[in-house]
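Asks: One structure, pasted below without further comment.
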Amino acid sequence: MNIHQLPDVVPHVIDAKLTVGEGGRRGDVFDPVSGQVARQVALADTADVDLAVGSALAASLDWGASSLSKRTQILFGWRQLMAERVDELAEIVSAEHGKVFSDAQGEVRRGLDVLDFATGIAHHLKGEHSEQVSKGIDAWSMRQPLGVVAGITPFNFPVMVPMWMAPIAIACGNAFVLKPSDRDPSASVRLAELAYEAGLPPGVLTVLQGDKEAVDRLLVHPDIAAISFVGSTPVARHVYETGTANGKRVQALGGAKNHMVVLPDADLDVAADSAVSAAYGSAGERCMAISVVVAVGDTGVQDRLVQAIANAGRAVVVGPGSEPSSSMGPLVTGAHRDRVSGHVDGAEAAGANVVVDGRGYVPAGHGGGFWLGLTLLDHVRPEMECYREEIFGPVLCVVRVPDFEAALALVNANPYGNGTAVFTADGLVAREYARRVQVGMVGINVPIPVPMAYYSFGGWNNSLFGDLHVHGADGVRFYTRAKAVSSRWPQQSSGLELGFPTHH
Ligand code: NAD
């Protein structure tokens, strides 16, 4: 299927069937390059949610009891089909999100990495066993599925973030209900279609299109056992508080303000290239995008770094994601572009120095699209709104500090704690940074330190509400619950004993 064959109304996938549901509410899905409405998406109402969860609950009973080899075979099939369709999925992502095609390919491949991990589920679900914990008694542990679990995902990774969740939840024996972003919903339907083509039983993977109405029903639905959420911090907090108040296990990953600390001994040209790649890739619409460069040292070093970033940035070509010459596309919607652009206005009014100004930029022949050129703000201070708020666009702030301790204190005072990077030639200083920084994911001369699928992804502080990170070992723990068994064979009475059991 290519982008031109997508339906006029993006449907749900309930019980392995495409349906626009009963509710009749619709949302607009834009083409960010032209600014026109490309199609619509069905928005689930409460009755649609209840129908979908009912189908998932019924499916979870057999699926939770299915053999590990059956689950693994289906996951391998799904992996194969998805690997054959990387370009097709990337085309859909690029068309609805706006990111350039090569970036969208990268996102699909990172999603595939989690499927790779999930195919090894038999190993990850192995329990422990202790023989003879007391005379004639053995003890062992196992992890069992939760039942129906839901995932609520953001617009910025319409393939990768759902794939952080669905393969592991399903591999663990759960039915998974995905509520994707209504801004770029089509890729989720293709992911589910491929899973069913691979032999997944109906109802094990549901796609429920929708907005706040669907989310708020999922948060209180009695048959949803756990919720994985990825999105902005205010919504993450709402999802965590409401979900846990309703007895659900919740992991809610929120927004970010990721700092890249550049020490004076770093190679400034390498650091500048890394800053530009990490700040402007995907138009800054990445939760791991670098949004603040902390320039450490004297004015001369700081000036050289800012100049190197500005020079590297001027080489970035902004244009439609489908054109191979483009390295950065438009923003996802006009409203989001205006919000980001407003932050630049506010920063300028507050005294920041606009070194590179992307406001008003339009690639030739593409008026009407949601464009913003890359923007570099220098002399940003921590009290400015552009520093305090997550901007989520192609805007990089530079904060100047005199030394390492001031840089570390700045990063640790920030309420977010998703990712950070330090650029330096000094291993001891890098080690000190990694040890003392209050952030969940740290890069040493690596600007976007996204862990591989077999590690777990997650931030600290306002970047994650909950205890367990996503994918890797934490993912398996999140989607299962532990049981400990003590057994004695043959049955034999040791007489009446009302004291607390001990091994003595
Ligand atoms: P968002 O919070 O607006 O939406 C996320 C999901 O929540 C969507 O499915 C949306 O439909 C739903 N939603 C939106 N408003 C809601 C409300 N009031 N009540 C209930 N549900 C609601 O986020 P977004 O704009 O789609 O994505 C960008 C945000 O996601 C950024 O803040 C980014 O940092 C964050 N993000 C974080 C990570 C991470 O790993 N920490 C990864 C990707 C994106």
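Asks: Specify whether the C-alpha gyration tensor of the stretch 243-341 places it in the rounded, prolate or oblate class, a ≥ b ≥ c being the square roots of the eigenvalues: rounded for a/c under 1.5, otherwise prolate if a/b is larger than b/c and oblate if not.
Replies: The shape class here is oblate.
Asks: Same structure again: Would you mind working out the accessible area per residue for the stretch 68-176, using a 1.4 Å probe, and quoting it in Å²?
Replies: Value returned for the stretch 68-176: 35 Å² of accessible area per residue.
Asks: Next question. Of Ser327, Thr46, Ala56, which is farthest along the charge dipole of the chain in the positive direction, counting Lys and Arg as +1 and Asp and Glu as -1 at C-beta?
Replies: It is Ala56.
Asks: Sticking with this structure for a sec: Quick check on my link table: of Lys70/Lys212; Lys70/Lys179; Lys248/Lys483, which ones sit more than 24 Å apart, alpha carbon to alpha carbon?
Replies: Lys70/Lys212; Lys70/Lys179
Asks: Roughly speaking, what is the stretch gain from Ala139 to Thr244, that is 0.36 nm per residue apart minus the C-alpha to C-alpha distance, in nm to one decimal?
Replies: My answer for the length gained is 34.7 nm.
Asks: Report, by chain and number, residues whose modeled amide H sits under 5 Å from the one on Phe229, excluding near sequence neighbours (fewer than 5 apart, same chain).
Replies: When sequence neighbours closer than 5 places are left aside, the close amide H contacts are Ile152, Gln251, Ala252, Leu253.
Asks: Counting DSSP beta bridges with both partners in the chain, what percentage is antiparallel, nearest 5?
Replies: 40 percent
Asks: Would you work out what percent of the accessible area of the chain, with all protein chains in place, is carbon or sulfur (probe 1.4 Å)?
Replies: Answer for the chain is 52 percent, counting heavy atoms of protein chains only.
Asks: At q = 0.07, 0.08, 0.10, 0.13 Å⁻¹, what base-10 log of I(q)/I(0) does the Debye formula yield for the chain when every alpha carbon is treated as an equal point scatterer in vacuo?
Replies: Per q value, in the given order, log10 I(q)/I(0) is -0.41, -0.52, -0.78, -1.21.
Asks: Another question, then. Taking R0 as 60 Å, what FRET efficiency do you get between Ser494 and Glu22 from their Cβ-Cβ distance, rounded to the nearest 0.05?
Replies: Using R0 = 60 Å, I get an efficiency of 0.50.
Asks: Here's a follow-up. Under a Cβ-only charge scheme (Lys and Arg +1, Asp and Glu -1), can you give me the dipole magnitude of the chain about the Cα centre, in debye to the nearest 20?
Replies: 1200 debye
Asks: Grab the alpha carbons of the stretch 398-442, take their convex hull, and tell me the volume per residue in Å³.
Replies: Taking only Cα atoms, the stretch 398-442 has a hull volume of 80 Å³ per residue.
Asks: From the P(r) of the stretch 419-504, can you give the percent of Cα pairs sitting at distances over 17 Å?
Replies: 67 percent
Asks: How large is the dipole of the stretch 154-250 about the Cα centre if only Lys and Arg carry +1 and Asp and Glu carry -1, each at its Cβ, rounded to the nearest 20 debye?
Replies: For this selection, approximately 220 debye.
Asks: Quick test of the membrane-span-like rule: which DSSP H helices of the chain reach at least 20 Å along their long axis (C-alpha atoms) with mean Kyte hydropathy at least 0.5?
Replies: The answer, listed by residue number, is 46-64.
Asks: Taking the highest mean first, how do the peptides 5-12, 199-206 order by number of other beta carbon atoms within 10 angstrom per residue?
Replies: 199-206, 5-12
Asks: State the answer as a single residue: which of Gly427, Pro394, Gly300 lies farthest towards the positive end of the charge dipole of the stretch 258-444, with beta carbon charges of +1 for Lys and Arg and -1 for Asp and Glu, about the Cα centre.
Replies: Of the options given, the answer is Pro394.
Asks: Along the Cα→Cβ direction, 7 angstrom out, place labels at Asp223 and Asp211. What is the inter-label distance in nm?
Replies: It is 2.6 nm.
Asks: Suppose every K and R has +1 on its Cβ and every D and E has -1 on its Cβ; what is the size of the dipole of the stretch 22-128 about the Cα centre, in Debye to the nearest 20?
Replies: It comes to approximately 320 debye.
Asks: Measure out, as a whole number of angstrom, how far apart the alpha-carbon centroids of the stretch 458-482 and the stretch 9-41 sit.
Replies: 30 Å
Asks: I've got another one for you. In Å², and per residue, what accessible area does the stretch 258-444 have when probed at 1.4 Å with the other protein chains present?
Replies: Accessible area per residue, the stretch 258-444: 37 Å².
Asks: Rank Pro451, Ser94, Leu410 by how far each Cα sits towards the positive end of the charge dipole of the chain (+1 on Lys, Arg Cβ; -1 on Asp, Glu Cβ) and give me just the farthest.
Replies: So the residue we want is Pro451.
Asks: The stretch 258-444: Rg/Rh from Cα coordinates, Kirkwood Rh?
Replies: For the stretch 258-444, the value is 0.96.
The values are calculated or read from the model by the stated rules, or taken from the named source; none is laboratory data. Note that the coordinates shown come from a computational prediction; the quantities given were computed from them, not determined experimentally. Please note: Cβ atoms are built from the backbone with ideal geometry, for glycine as well, and neighbour counts cover all protein chains shown. These area figures cover heavy atoms from the full protein model, side chains too; ligands, DNA and RNA do not enter into them. Shrake-Rupley method; radii C 1.70, N 1.55, O 1.52, S 1.80 Å.
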